[in-house]
Structure formats: structure tokens, C-alpha cells
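Here's the structure, in C-alpha cells; my notes come after.
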Amino acid sequence: MTDGINGINGIDPNKLVPEKTKQEDKNLDFSKLLKDAIEEVNSIQKNADKVAADYAAGNITDIHQVMIAAEKASLSLQLTTEVTNRIVEAYKEIMRMQI
Amino acid sequence: MMDGLFKVLDIAASGMTAERFRLDVISQNLANSDTTRTEEGGPYRRKTVIFQEALNESANGSKNFGGVKVSSIVEDPSPFRLVYDPNHPDADAEGYVSYPNVNVLREMVDMMSAQRAYEMNAAVVNSAKSMYNSALGIGR
Amino acid sequence: MFDNINFEIIPNTMDALSLRQNVISQNIANYETPGYKRKYVDFENELQKALSEDSALTLKVNRDQHINNTLSLGKIQPNIQIDDSKSLRDDGNNVDPDVELVRMTQNTLKYNTLSRLMTYAIQRYETAIRGGK
């Protein structure tokens, strides 16, 4: 099975993966997930803003472009909010498990 | 700047009033197109309205836009129609009767153009209503 | 929070469009006024210029610059100009009712779209405030 266990007496604690490291991996994953999600939604918001400003200034005349960008921004924000809520809850759940 | 849209309604209303007035005058012309006898003596003389841009002195910028107003009603100086009819009670010494200088076709054309202008101003009112309603819906 | 582009540029533009509606309405009401020259509103050019000089709208963001520039973007003044062009009519009036009506429809449409966009922006803020709950 695992390398650290040889027969009944042969448990080698050094070979077993320490839980502390596992904990840190999970930390990195979570914060990276959150960061990426927030950056993505931020850039979609910025794009929607830019498109709205261009429309106001007369640079864009197609309404559908503007409306689609606005809708994307709205949906992506709602989705991201929901996803980050879930991620945070999952993280809290795992934190509770350590104790 | 909500009063900006109310101002649009006032301006359009002034346009509609002016065109309605013009329609009244046209209607007067048509009703009297054969009137050989008026109170001042002589046949009816065609009338037209003169429009003028209405501006209020109170403020500057667009705040003084007042639309349009009728500045005066003038009589058309063109000559009367002479018709030879010596038996007519209003015939002159040579037997000619003077009929009003109203050209019915011309009046009809003017009437259609007054009507069109009236409808355009009504379209302005509708567009202002649409804008107003959509501004009311902001945030919902 | 309200230095966001949407809360500056969109209301400012809607002000300008409201003014433009006044001006178009004045033109239509004076369609038969002898000697009247049509008026129009200048706004989009100014806004375009300000936008192309503003780096906050590119996706690279510098926080301080962003705040300074967007505040000035919301203050663009529309101005009323007179179109002196020659008229085809002998009373000197150069209002073309078809053109004015089309402009009016475009203007209404743009105003309504901007108010819709404003609503989107507000709703996004509400989503963020509620945290999705």
C-alpha cells in the first residue's frame, strides 16, 4: 500500500505525507481560484463600461453590442459571486475538518 | 434635467397650437372662397398666417426656447378673380364681378401641410413621453 | 463608488440628449417659420475626444489616474449651434422635417438605451452589495 507502512511495526512517519502540507496546497488553490475569478469578472465589467462609454460618444452604433456586453457583465458578476460564495464555504468546511 | 423633457412638451404644444390656428385660417379661406360681399365692402380677401420663432427673454441657452407663435395674420394682396356676369347684383359698371383671390387647390395643399406639421409635433410629444418613461425606469 | 464611468458619463450624456430633444422639437415647431435656421446640439465629438485621452478605459488600470480622469469625463458641456446652410425654400427656412423626425427617433432610442445601461450598472452594484444572497 503506502511506502511508510512495512508490516505491523514498520510505520515510517516521515514517509507519510504530513497534513500540514496538504493544508497549504489547499490554501494556494483556493486563493488562486478566487483571484482568477475576480480578475476575469473585473475585466468583463471594464469591457462593459468601455463599450457603454463608446456608445454614449457615438463610436459604436450597434445596440446589440452594447446590450450583450452589459448582460455578460451582469451574468458574470452574479455567477462569480455565487461561485466565490461556494468556494469560501467549501474552504470553511475544510478548515472545520482539520480540528 | 427632467424639466428639459417637459420643455419639449411645451414646444411641441406651441407647434400644434400654431398649426391648428393656421388650419382655422385656411378653413376660413375655404368657407369664403365665393364671398363677394364682406362687411368692409368688396369680396373676401385671402388670409395667411406668419409664424415666428418663440423665445422667452428670461434665460439663455436652451431654456428660452418657446417653440413657435403666430406673429400676424396678413391679407394676400394678389388681385381678385374677375368674372363677367352683368346680371349679378355685385357686378361693377363693366359687368364684372370680383371674386375672392382664394385658390381652392392651394388651400387644400396648405391644409395637408398644416396637418402634417401638426402630426410631426404630436410625434415629438410621443417621443418625449417615451424618454420620460424610460428615465423613470432606471434601476428597476 | 460613484466615480465609476457609468455614473458619470451616462447621466452627462443623457443630459445632452435631453437638450437635443428640446432643440429638435424647436426645429419641428418652427418648420414653417420664415427665415428660421435649424439648430443642433454638439456633444459626441467632445466626449469622443475626452475618451481617447482617458487611459482609465483601457484595460490596464492605474488606480489614481482612473479617479482623476473619470471625474472630468462627467462634465462635458453640450452646446447649441445654428445650422446656417442655405435653404431650398424661398422663405429661407432650412428645416427638413424628415431629417428632424429621424434624428428625433435616433435620439429617443439612444436615451432609452442609456437608461437601460444605467439600470444594468446599478443592478451589478446591488449584486455585489448583496453578495449574491
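The values are calculated or read from the model by the stated rules, or taken from the named source; none is laboratory data. None of the values given here were measured: they were computed from a predicted structure. Ideal geometry is used to build each Cβ from the backbone, glycine not excepted, and the neighbour counts take in all protein chains shown.
Quick notes
- Cβ-Cβ under 8 Å pairs, at least 6 apart or on other chains, region C:1-13 side at the interface with chain A (Cβ under 8 Å from one of its Cβ atoms), far side modelled with pLDDT of 90 or more and in a loop (DSSP other than H, G, I, E, B): C:Thr13/C:Phe43
Per-residue answers, yes or no, for (1) outside any loop (DSSP other than H, G, I, E, B); (2) modelled with pLDDT under 90:
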| position | (1), (2) |
| --- | --- |
| B:Asp34 | no, no |
| B:Tyr44 | no, no |
| B:Thr48 | yes, no |
| B:Glu53 | yes, no |
| B:Ala59 | no, yes |
| B:Lys69 | yes, no |
| B:Ala93 | no, yes |
| B:Val97 | yes, no |
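- Considering region A:62-82, the residues that are within 22 Å of C:Glu46 (Cα to Cα) and at the interface with chain C (Cβ under 9 Å from one of its Cβ atoms) include one that is modelled with the highest pLDDT, namely A:Val66.
- Restricting region C:102-122 to residues that are surrounded by fewer than 16 Cβ atoms within 10 Å (Cβ to Cβ) and under 15 Å from C:Tyr40 (Cα atoms), the residue that is farthest from the other protein chains (Cβ to nearest Cβ): C:Val102
- The number of residues in region A:33-61 that are more than 20 Å from the chain's Cα centre (by Cα) and either more than 10 Å from chain C (Cβ to nearest Cβ) or among the charged types (D, E, K, R) (or both) comes to 4.
- Filter result for the condition that a residue is closer than 30 Å to C:Arg103 by Cα, out of contact with any Phe, Trp or Tyr (no Cβ under 6 Å at 6 or more places or on another chain), among the acidic types (Asp, Glu) and part of a helix (DSSP H, G or I), over A:Glu93, A:Glu71, A:Glu40: A:Glu71
- Taken together, B:Ser127, B:Ser72, B:Ser98 contain a single residue that is among the polar types (S, T, N, Q) and within 9 Å of another protein chain (Cβ to nearest Cβ), which is B:Ser127.
- Residue check: C:Ile28 meets all listed conditions (1) over 14 Å from the mean Cα position of the chain (by Cα); (2) more than 8 Å from chain B (Cβ to nearest Cβ) but one, namely (2).
- Considering region C:33-133, the qualifying helices (runs of 4 or more DSSP H), each wholly inside and each with 1 or more residues that are out of contact with any Leu (no Cβ under 7 Å at 6 or more places or on another chain) and modelled with pLDDT of 90 or more, run over C:44-52, C:97-130.
- Members of region B:35-49 found to be surrounded by fewer than 19 Cβ atoms within 10 Å (Cβ to Cβ) and out of contact with any Pro (no Cβ under 7 Å at 6 or more places or on another chain), listed by number: B:Arg37, B:Thr38, B:Glu39, B:Glu40, B:Gly41, B:Gly42, B:Lys47, B:Thr48
- All positions within region B:1-32 that are of a type in the set (Gly, Ala, Ser) and surrounded by 18 or more Cβ atoms within 10 Å (Cβ to Cβ): B:Gly4, B:Ala12, B:Ser14, B:Gly15, B:Ala18
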